[in-house]
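One structure is given here, and the rest of the page talks about it.
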Amino acid sequence: MGEPRYSRRSLIAAIGVIIATAAGGATYVSSPSDATEQQIATADRVRGTSAAEPTVRFERVYSAARRREVNLAFYLPTGVNPRGLPMSILLHGLHGDARHANAGNLAGVLTSAVAKGSVPAFGFVAVDGGDNYWHENIPGDDPMAMLLDEVPQWLRERGYGEPFAVTGVSMGGFGSLLYARRRAERGDPIAAAAAISPGLITTWPEMAKRRAFKNEAEWASLDPLRHLKSTGSTALGVWIGDRDRFIEGTRRFIRDVRPEVGTVKAGGHDDGFYRKVTPDVVRFLAKYAKRAV
């Protein structure tokens, strides 16, 4: 057909950017250069990739707050100018990372909705946060400081807009509520926080298994269930499955806080459930993306 053909192995070896994911198809880019973008576009045509699929860019950056290099991932609606694009921080779950933060194919759902014109454009930015529930459990490794101080700088340097929201899954759902609290405490609240299957555990023996807090007192000082009004004016959305292991704490949170969206649907703590709710999550966030433009 006149076009060069690329196997997945040769693409990874040559440019290290195309992978297949169970969370939905995507275009992966590790460099914003025109040459790399063209290579990706050509490979997409060979694979028959839909133009409605998201664009995902990976980078490695040094986080002073975490004292290490971390993956930085941008999940963007394809075909949209990223300059000044409003961004939601996207927080992964336990044992996760930025490269696998696209739970429930959030980025694909967003891209399709933007292409249809049903929501305004925005993007997601994810970063490696470790396994310590997005706080400084280990001295010198502070993922929350990274989110608060470094992520906005990384976005500005790349021409994206400021974070208007936070979205998190499981441990990241806990982290999203903690991030919203910290932003409110700084007098700079985010517009919206979306917590999907948040890890709201109700007993210390269960939380202690995760070794993410020094002791029960530290956990209590950060637990969203003990600080119900701490997120201030931030609009909250919470989604959970009725068979999720965190259903008890999340039902309590929904009952006591009365978030703007508090949804319990049939399902467990897995990607099958996430895919049920991500269209609603995107619609919820999109209302507040309009205000950030």
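The values are calculated or read from the model by the stated rules, or taken from the named source; none is laboratory data. For clarity, every value in this text was computed on a predicted model and none was experimentally measured. Glycine gets a Cβ as well: all are built from the backbone with ideal geometry, and neighbour counts include every protein chain shown. The protein model used for the area step is the full one, side chains on, heavy atoms only, and it has no ligands, DNA or RNA in it. Shrake-Rupley method; radii C 1.70, N 1.55, O 1.52, S 1.80 Å.
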Checklist entry - Condition test on LEU106, is it touching a residue at least 60 places away in the same chain (Cβ under 8 Å), open to solvent by less than 40 Å² (accessible area, probe 1.4 Å) and of a type in the set (A, V, I, L, M)? => result yes
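Any chance you could count how many residues in the range 234-281 are part of a strand (DSSP E or B) and of a type in the set (Lys, Arg)? Working first, answer last.
Step one: list which residues in the range 234-281 are part of a strand (DSSP E or B), which gives 235-241, 261-265.
When the remaining residues are screened for being of a type in the set (Lys, Arg), the result is 265.
Counting residues in the range 234-281 that are part of a strand (DSSP E or B) and of a type in the set (Lys, Arg) gives 1.
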Checklist entry - Residues in the range 125-140: is at least one at negative phi, touching a helix residue (DSSP H, G or I) at 6+ places or on another chain (Cβ under 6 Å) and charged (D, E, K, R)? => result yes
Going through the range 207-229 in order, the residues found to be open to solvent by 70 Å² or more (accessible area, probe 1.4 Å) and among the acidic types (Asp, Glu) are GLU216
Scanning the range 77-118 residue by residue, those within 12 Å of ALA52 (Cβ to Cβ), of a type in the set (S, T, N, Q) and assigned to a loop (DSSP other than H, G, I, E, B) turn out to be THR78
Checked the range 158-198 for anything in a strand (DSSP E or B) and either open to solvent by 30 Å² or more (accessible area, probe 1.4 Å) or aromatic (Phe, Trp, Tyr) (or both); matches are PHE164
For the range 134-163, pairs from a residue that is over 17 Å from ALA98 (Cβ atoms) to a residue that is assigned to a helix (DSSP H, G or I) and open to solvent by 80 Å² or more (accessible area, probe 1.4 Å), with Cβ under 9 Å and 6 or more apart or across chains, are GLU162/ARG156
Selection over the range 60-109 where residues are over 12 Å from ALA126 (Cβ atoms) and either small (Gly, Ala, Ser) or in contact with a Gly (Cβ under 6 Å, 6 or more places away or on another chain) (or both) yields a count of 12
**Request:** Return a yes/no flag: does the range 136-145 have any residue that is closer than 24 Å to GLY187 by Cα, in a helix (DSSP H, G or I) and either of a type outside the set (A, V, I, L, M) or open to solvent by less than 20 Å² (accessible area, probe 1.4 Å) (or both).
**Result:** yes
Q: Kindly establish whether GLY130 is at pLDDT 95 or above, outside any helix (DSSP H, G or I) and open to solvent by less than 30 Å² (accessible area, probe 1.4 Å).
A: yes
Considering the range 271-293, residues that are at pLDDT 95 or above and basic (Lys, Arg), and then whichever is surrounded by the most Cβ atoms within 10 Å (Cβ to Cβ), we arrive at ARG275
Exactly one of THR78, THR36 is modelled with pLDDT of 70 or more and either surrounded by fewer than 19 Cβ atoms within 10 Å (Cβ to Cβ) or not basic (Lys, Arg) (or both), and that residue is THR78
Filtering the range 49-75 down to residues that are crowded, with 23+ Cβ neighbours inside 10 Å and either part of a loop (DSSP other than H, G, I, E, B) or touching a His at 6+ places or on another chain (Cβ under 8 Å) (or both) yields PRO54
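Considering GLY199, GLY272, GLY237, which residue is without any contact (Cβ under 8 Å) to a residue 12 or more places away in the chain and within 18 Å of the chain's Cα centre (by Cα)?
GLY272
In this structure, does THR250 turn out to be under 21 Å from the mean Cα position of the chain (by Cα), over 22 Å from GLU136 (Cβ atoms) and among the hydroxyl-bearing types (Ser, Thr, Tyr)? So that I can check it myself, show each step before the final result.
Working: under 21 Å from the mean Cα position of the chain (by Cα): yes; over 22 Å from GLU136 (Cβ atoms): yes; among the hydroxyl-bearing types (Ser, Thr, Tyr): yes.
Judged against the criteria, THR250 is a match.
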